[in-house]
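Encoded as structure tokens, the structure appears first; notes follow it.
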Amino acid sequence: MTRSPKFARGAEFFFPAESERWLVVLRMGMGLQVCLYCLWLRRDWSFFLAGTGSGLLGRQISEALLAMETSLVPTLSWLVRAAAAAGLGERTALLLCWFVLLGAGVCLLGGFFFRAAAVTAWFVHLCVAKSGGFLSYGVDNFITIGLFYLMLAPRPSAPVLGGRRGRNRPPDPHLLGFCRRLLQLHLCFVYFFSGLSKALGSGWWDGSNLWRALIRPPFSFVPPEFLVSWKYFLPLAGISICVIELGYPVMIAMKKSRALWLALVCAMHAGIGLAMGMYLFGLVMIVLNIAAFATRTSKPRADLQPAGQAAAPAL
Amino acid sequence: MPRQRLLLACGALHFLLVFGVSCRDALRLVAGNYTIIRVSPGGWWEKAEALASAALGQEASSSPPYPGAEALQAYTHLAGIECGYGYFAPNVPDSYKLLFELQYPDGHVEYDLSLFESKESTLRHATLLDQIGQMESDAMREILIKLVATSIWREHPEATRVNTILGSLQLPSVSEFEAGKRGSYEFMYAYDFSVNPMPSAPAP
């Protein structure tokens, strides 16, 4: 059976040969993200996630609302019930979840048990995010997205700490390329729609939304007196954010403008992280962008090719 | 080849969902008149938003709109793509605050703002307050505030009454700030919860 040129071109676009460098960046970045997530929430972990009668809201209300949509999504109550069957109380179960999530984050960071760590981190984080629905914000979605792609990606062969190179069979470079392409396309959707939504609001064109975002508690990390001295810069910054986000799919796709746009987007997220105290959000966006676009698209090394597979695209 | 076709089909479905969810959220903003586009109620935008919601298996009715809709919804949650990406868009909303006034049997009153030490926890608490403040359902808002009030009362078990006040912060514009105006809280709702004091342990 012969393939049409259209399909061949499509396959070349969706299945480029990639080295596993981008996956190592994603793995380590998401590992760091999960570790920081656990450490920064450790004091209020039980308070946020306990059941009705001992926590802030009680996770049952978020879980009940989720169950109205679908009962197929895992929640912390699944894990608490499983722990109860093993004779463990709710508090112990929640503590165990915290340790398991932190452990999975450490494994991802260090490059141990890639698949098990990625699946565990995705599953436990998803349970936490869904059970704490009213306390979840954008960062939880992006952690889920990052861990979802990581979990489905081929297992890398190059551990960073411990382990031995060459013990695992190198992953299929075209499958690595496909997974990376999905992440790249997803980010294009994210920024385009984020930019479009902002551009539809009048406040992003005159800088008032940026002003409001920066002085609004609890994001008010920059003194308003300082911001006032930069008031003429605010409309320009607001418009720039819209342009960076709306233009992302085109500018990041072009080789000539990719580095500039990547730098602009990372600077924007670093700025949001530092000026609004949204460190986790800034970090996860920078990690996803660097994994998707910063590491050079390259032919995988010949010595990392799976047995019997040529380095050239076999499409 | 067959594996590539299968992967492409899965990828296409995945991005169809990402696109659908993003479109639905953008249409919702326009249909709700939150954007610079002025629309009349019940118009094309509203119908398009309803269509997108139905296609994604999210209809107001209790039964799923088509077989497999629940599985599709579950997938969007598992992949983290169940909501769009309009953060701080189209405009930055007000900030909200919950103030708890605790009354004790001896008549004295204490105030609690439910503050957190960790910045990350503070962000999450602010997210909760945003959702309470923007909640359309009065009943749901009351339930959520009651639950938060209960957690406050648990820390002050001697209190017999918890008055809860929800306020929104009116942020000044740049020019108003320069003229000396600062943010001020505007009263939104108040709830009064009477509680029975926790029984004290019997003396040995």
For segment B:95-194, what is the convex hull volume of the alpha-carbon atoms per residue, in Å³?
122 Å³
Could I have the simple spin-label model distance between B:L169 and A:T92, label points 7 Å from Cα toward Cβ, reported in nm to one decimal?
4.2 nm
What order do you get for A:R81, A:R59 when you list them from fewest to most C-beta neighbours inside 10 Å?
A:R81, A:R59
Per residue and in cubic angstrom, what volume does the convex hull of the Cα atoms of segment A:19-171 have?
120 Å³
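Taking neighbour Cβ counts within 10 Å as the exposure measure, how do A:L200, A:L108, A:L176, A:L260 sort from fewest upward?
A:L260, A:L200, A:L176, A:L108
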Linear extension gain, A:S46 paired with A:S202, 0.36 nm per residue minus alpha-carbon span
52.1 nm
Quick one: Cα convex hull volume of segment A:176-305, Å³ per residue?
110 Å³
Computed over the Cα atoms of segment A:168-239, the Rg and Dmax in Å are 19.3, 58
Helix by helix, which DSSP H runs in chain B go 18 Å or more along their axis at the Cα atoms and have an average Kyte-Doolittle hydropathy of -0.5 or more?
B:2-31, B:119-133, B:138-155
At R0 = 22 Å the Cβ-Cβ FRET efficiency linking A:A267 and B:C83, nearest 0.05, sits at 0.30
What number comes out for the charge environment of A:L175, summing +1 per Lys or Arg and -1 per Asp or Glu over other residues with Cβ under 11 Å away?
+1
Quick calc, the protein assembly as shown, dipole around Cα centre from Cβ unit charges on Lys, Arg (+) and Asp, Glu (-), nearest 20 debye, gives 2860 debye
A chain fully extended from B:K181 to B:S118 at 0.36 nm per residue, minus the present Cα-Cα distance, gains in nm 19.7 nm
Whole-Å semi-axes of chain B's equivalent ellipsoid (Cα gyration tensor):
42, 25, 17
Electrostatic dipole magnitude of chain B [Cβ: Lys, Arg +1; Asp, Glu -1; Cα centre; debye, to 20]:
880 debye
Quick one: divide the alpha-carbon radius of gyration of the protein assembly as shown by 2.2 N^0.38 Å and tell me what you get.
1.05
Computed lengthening from A:V243 to A:F226, 0.36 nm per intervening residue step minus Cα-Cα distance
3.6 nm
What number does segment B:46-162 give for Rg over Rh if you use C-alpha atoms and the Kirkwood radius?
1.10
Summing -39500 (n - 2.57) over every DSSP H run of at least 4 residues in chain A and dividing by its residue count gives a helix-only mean residue ellipticity at 222 nm, to the nearest 500 deg cm²/dmol, of -21000 deg cm²/dmol
Centre separation in Å (Cα based) which lies between segment B:7-30 and segment A:82-129:
30 Å
A:A85 versus B:L99: modelled label distance in nm, points set 7 Å from Cα along the beta carbon direction:
5.0 nm
Quick calc: nm separation of the 7 Å Cα→Cβ label points for A:A253 and B:R161 -> 6.4 nm
In 5 Å bins starting at zero, report the fraction of Cα pairs in segment A:28-105 per bin as a rounded %.
3, 15, 21, 22, 22, 13, 4, 0
Within-11-Å neighbourhood charge of A:D44 [Cβ basis; K, R +1; D, E -1]:
+1
Using distinct alpha-carbon pairs, which all enter the 1/r mean, Kirkwood radius of segment B:2-79 in Å:
13.9 Å
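No lab work stands behind these numbers, since they all come straight from the coordinates. Every value quoted in this text rests on a predicted model; they were computed, and no experiment measured them. Note that we place each Cβ from the backbone using ideal geometry, even for glycine, and neighbour counts take in every protein chain shown.
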